[in-house]
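> Please find one structure pasted underneath; my questions will follow.
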Amino acid sequence: MHLSLSPGSEPNPHALAAMTQAAEMYAIVASQDIVDSRGVKLWAQGQPVSAALQQRLLERRLKKPVEACLLAEDGITPFRLMHDLQALLESQHPLAPALRAHGQVLVAQLKQIPLHAVAQLLLTTAAAARPQALVHAVTGMALAGAMMASRQASSLEVRLAMLGGLLHDIGEIYINPAFLDYTHALDLVGHKHLVVHPRVAQMLLDGLTDYPKALGRGIAEHHERLDRSGYPARLGPDALSTLGRVLSVVEVTLGSASDPHAPLTRASFALRVVPGEFDPTWSAFVCEAANDAREDFALDDQPAAATLAVQLAEIDEHMASAHQLAKELNEQRRTSQITEVVADALHRLERLRVAWNALGLWGEEALTAHLPPGERLELMLAESELRQRLRAFHRECLLLSEGLTEAEKFRLSPLWQGLLEPM
């Protein structure tokens, strides 16, 4: 993936296309002459970004990163962020009541946050590419700041968390837009592209801004999990920063907030379903907000409890078979690479079994179609969340097994085959 973060490198084509598209809505101009690695001027200072610039820069090696040479003159400003934050606090958003408790702190600290020109350019580009991107960023900013403020953190820590929430997804504009369609499950190729976006954001912030390195590190960790089931580096608790722990909770919560059925309850469930994934210090903020919200459960159009129970039972059967095979292969220790794949699979499956056993959602009681709405919602959430974890497990097994021979892959394939079959 091209990032154009060092002299003599090419611009990222997806980011360049997104910036060109953003220039149709905002005044984005060259803040300095854009020069290639041989000293040839490609675009003059003050000249607006256009499709002609995009064509000229493609496959050209630049003296300076293109992101450092552009300015969004009327893009996303601190005033716009303040307006959107105050609108969020006054809205009917599910998180608004919990955020309002820290509203004064959030408003006061936002006034002190510097918006670097590169960060402004990337926020503006993201907002132009996907209208919901700015809503997502502002909500992430408010949630991360409120979580930190709820723990009597210093002003500096609150501002750093707010910046982290605001900028955590800026790396997505460097990814092929086809892999950002969250309405469909990604295949392995799409997943391999998507998983780099936290690291891309870190490289951008560390290389092109004067923000603290702790900001880039925390953003790089926002998809990591304490049980090493996250990405891109599969870090464990000893390696995860405080900001990374906060942003991982923010990421899951925002992913659930768009759900029409009890979004805070779904977020709370997602943060608790597999023990050890998230830091309870920070997930508690969302869980408490869900308890206070006492959301209504409109489940008339959802599968009946009996159907959900059958689906859960099938997931349980697949997990049990895969777990048994993983144990057998682990005992055989055929090659070092196979051992790595199997050991990881065994660890992940054991974590899922712990979650499954903690739920206790199978048996005769779960098969009745007359469960109260709250318990039926738990069934629905369990099926959804466990299936999501199994998809992640499936992708990780495929990634880890890429270096194996076809015969070895065939031997290991029962670990993940059947886990994702339609039910």
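> Please indicate, with yes or no, whether at least one residue in the stretch 130-145 is touching a Leu at 6+ places or on another chain (Cβ under 9 Å), within 20 Å of Q21 (Cα to Cα) and polar (S, T, N, Q).
Checked against the condition, which is being touching a Leu at 6+ places or on another chain (Cβ under 9 Å), within 20 Å of Q21 (Cα to Cα) and polar (S, T, N, Q), the stretch 130-145 yields no hits at all.
> To continue, here is another question. In the stretch 368-409, how many residues are at pLDDT 75 or above and not in a helix (DSSP H, G or I)?
Here the count works out to 2.
> I need a count of the residues in the stretch 39-62 that are surrounded by 17 or more Cβ atoms within 10 Å (Cβ to Cβ) and under 31 Å from the mean Cα position of the chain (by Cα).
Of the residues in that region, 4 qualify.
> Right, something else. Hey, any hits in the stretch 325-339 for a residue that's at pLDDT below 70, surrounded by fewer than 18 Cβ atoms within 10 Å (Cβ to Cβ) and closer than 26 Å to L264 by Cα?
There is no residue in the stretch 325-339 that is at pLDDT below 70, surrounded by fewer than 18 Cβ atoms within 10 Å (Cβ to Cβ) and closer than 26 Å to L264 by Cα.
> Take the conditions buried (at least 22 other Cβ atoms within 10 Å of the Cβ) and out of contact with any strand residue (DSSP E or B) (no Cβ under 9 Å at 6 or more places or on another chain) and apply them to G164. Does it pass?
Against the criterion (buried (at least 22 other Cβ atoms within 10 Å of the Cβ) and out of contact with any strand residue (DSSP E or B) (no Cβ under 9 Å at 6 or more places or on another chain)), G164 qualifies.
> I want to confirm something. Restricting to the stretch 287-301 and keeping residues that are over 20 Å from D227 (Cα atoms) and open to solvent by less than 50 Å² (accessible area, probe 1.4 Å), which single residue is modelled with the highest pLDDT?
Checked the stretch 287-301; the qualifying residue modelled with the highest pLDDT is A289.
> Among what's in the stretch 28-61 and is part of a loop (DSSP other than H, G, I, E, B) and among the aliphatic types (A, V, I, L, M), pick the residue that is modelled with the lowest pLDDT.
L58
> Kindly state which helices (runs of 4 or more DSSP H) lie completely within the stretch 175-268 and contain at least 2 residues that are over 25 Å from R159 (Cα atoms) and open to solvent by 20 Å² or more (accessible area, probe 1.4 Å).
188-194
> Give the number of residues within the stretch 90-125 that are open to solvent by 20 Å² or more (accessible area, probe 1.4 Å), over 30 Å from Y174 (Cα atoms), of a type outside the set (A, V, I, L, M) and at pLDDT 95 or above.
6
> May I ask you to verify whether V35 is open to solvent by 40 Å² or more (accessible area, probe 1.4 Å), of a type outside the set (S, T, Y) and farther than 25 Å from N176 by Cα?
In short, no.
> Also: Tell me which of these V274 doesn't satisfy, since it passes every other one: (1) more than 19 Å from A142 (Cβ to Cβ); (2) modelled with pLDDT of 90 or more; (3) open to solvent by less than 10 Å² (accessible area, probe 1.4 Å).
Of the numbered conditions (1) more than 19 Å from A142 (Cβ to Cβ); (2) modelled with pLDDT of 90 or more; (3) open to solvent by less than 10 Å² (accessible area, probe 1.4 Å), the odd one out for V274 is (2).
Let's see how each residue does on (1) on the phi > 0 side of the Ramachandran plot; (2) under 14 Å from the mean Cα position of the chain (by Cα); (3) assigned to a helix (DSSP H, G or I); (4) without any contact (Cβ under 8 Å) to a residue 40 or more places away in the chain:
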residue	(1), (2), (3), (4)
P97	no, no, yes, no
V107	no, no, yes, yes
V118	no, no, yes, no
A126	no, no, yes, no
A153	no, no, no, yes
L163	no, no, yes, no
I173	no, yes, yes, no
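> In the stretch 143-157, what residues are surrounded by 24 or more Cβ atoms within 10 Å (Cβ to Cβ) and under 30 Å from P65 (Cβ atoms)?
A144, G145
> Could you check how many residues of the stretch 63-89 are surrounded by fewer than 17 Cβ atoms within 10 Å (Cβ to Cβ), modelled with pLDDT of 95 or more and either farther than 18 Å from A137 by Cβ or among the aromatic types (F, W, Y) (or both)?
1
> Can you tell me how many residues within the stretch 162-188 are over 23 Å from Q21 (Cα atoms) and either touching a Phe, Trp or Tyr at 6+ places or on another chain (Cβ under 9 Å) or modelled with pLDDT of 95 or more (or both)?
Qualifying residue count, the stretch 162-188: 5.
> If F269 satisfies every condition in (1) in contact with a His (Cβ under 7 Å, 6 or more places away or on another chain); (2) hydrophobic (A, V, I, L, M, F, W, C); (3) under 24 Å from L349 (Cβ atoms) but one, which is the exception?
(1)
> Restricting attention to the stretch 5-27, report how many residues are in contact with a strand residue (DSSP E or B) (Cβ under 8 Å, 6 or more places away or on another chain) and in a loop (DSSP other than H, G, I, E, B).
Selection size over the stretch 5-27: 7.
The values are calculated or read from the model by the stated rules, or taken from the named source; none is laboratory data. Remember, it's a predicted structure, so these values are computed and weren't measured experimentally. When we count neighbours, we look across all protein chains shown, and the Cβ atoms used for this are built from the backbone with ideal geometry, even at glycine. With ligands, DNA and RNA removed, areas are computed over all heavy atoms of the protein, side chains included. Shrake-Rupley method; radii C 1.70, N 1.55, O 1.52, S 1.80 Å.
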